[in-house]
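**Q** Below are the structure tokens for one structure; questions will follow.
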Amino acid sequence: MNPGLEPDELLTIGEMSRRTGVAASALRYYEDLGLVGSVRTGGNQRRYPRHMLRRVSLISVAKRLGMPLADVREAFGEVPMESTPSHTDWQRASRRWKKKLEERRRAIERLEHELTGCIGCGCLSLKACALLNPDDALAATGAGPRRLEDVVEDEESAGDEP
Ligand code: FES
């Protein structure tokens, strides 16, 4: 266990889950991804420093906004996990966070614009429709009815399940 941390500064995974509303399994997953960190007791149990509460809460907010976890990790950047982050650490993270949200906002505006056009158009053309086939990406997968083949393959593999 980290000698710099007092036991009352550490939370069990259950306490962390209750305080944040995030399932213990999700907390373990976030830790596997390097988004949060814990220390281990002598009995190899996880203990979370209190400052991880903010990280987990921010991850929850990011998920509600539809932000990918890879972007969250980037937004956290150099915010330390081994010690309580300073105000400056969080300010830097806040600027990165804002940049990520702006990128998302612009992408959503672009999609909204294309969707509005498609609703009016209705052609569903894989050649012309930027929403169905952005940058004609399906052309690189070969000739013929690519989407139909995907659907058939999905149905066939679903039939393999017990
Ligand atoms: S539906 Fe016609 S361009 Fe998208």
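**Q** Identify the single condition in (1) at pLDDT below 85; (2) more than 16 Å from the ligand (Cβ to nearest atom) that HIS87 does not satisfy, given that it satisfies every other one.
**A** (1)
**Q** Would you check if SER125 is modelled with pLDDT of 90 or more and of a type outside the set (D, E, K, R)?
**A** no
**Q** Moving on to the next point. For the stretch 99-107, does any single residue satisfy the condition of being closer than 24 Å to PRO49 by Cβ and in the same structural domain as VAL22 (by TED's automatic domain parsing)?
**A** The answer is no, given that none of the residues of the stretch 99-107 is closer than 24 Å to PRO49 by Cβ and in the same structural domain as VAL22 (by TED's automatic domain parsing).
**Q** Scan (1) within 16 Å of the ligand (Cβ to nearest atom); (2) part of a helix (DSSP H, G or I) for the single condition LYS100 breaks and write down its number.
**A** The single condition LYS100 does not satisfy is (1).
**Q** Considering (1) surrounded by fewer than 20 Cβ atoms within 10 Å (Cβ to Cβ); (2) closer than 24 Å to GLN91 by Cβ; (3) touching a strand residue (DSSP E or B) at 6+ places or on another chain (Cβ under 9 Å), say which one SER57 fails and leave the rest.
**A** (3)
**Q** Name every residue in the stretch 109-131 that is within 9 Å of the ligand (Cβ to nearest atom) and β-branched (Val, Ile, Thr), in order of residue number.
**A** ILE119
**Q** May I ask you to verify whether CYS129 is in a loop (DSSP other than H, G, I, E, B) and not hydroxyl-bearing (Ser, Thr, Tyr)?
**A** Considered against the rule, which asks whether it is in a loop (DSSP other than H, G, I, E, B) and not hydroxyl-bearing (Ser, Thr, Tyr), CYS129 comes out as yes.
**Q** From the list ARG64, ARG96, ARG47, which residue is in contact (Cβ under 8 Å) with a residue 12 or more places away in the chain and within 30 Å of LEU131 (Cβ to Cβ)?
**A** From the options ARG64, ARG96, ARG47, the qualifying one is ARG96.
**Q** Could you say whether any residue in the stretch 1-19 is assigned to a loop (DSSP other than H, G, I, E, B), more than 14 Å from the chain's Cα centre (by Cα), of a type outside the set (Lys, Arg) and at pLDDT 95 or above?
**A** yes
The values are calculated or read from the model by the stated rules, or taken from the named source; none is laboratory data. Predicted model only: the values in this text are computed from it and were never measured. In this analysis, Cβ positions are derived from the backbone assuming ideal geometry, glycine residues included, and neighbour counts consider all displayed protein chains.
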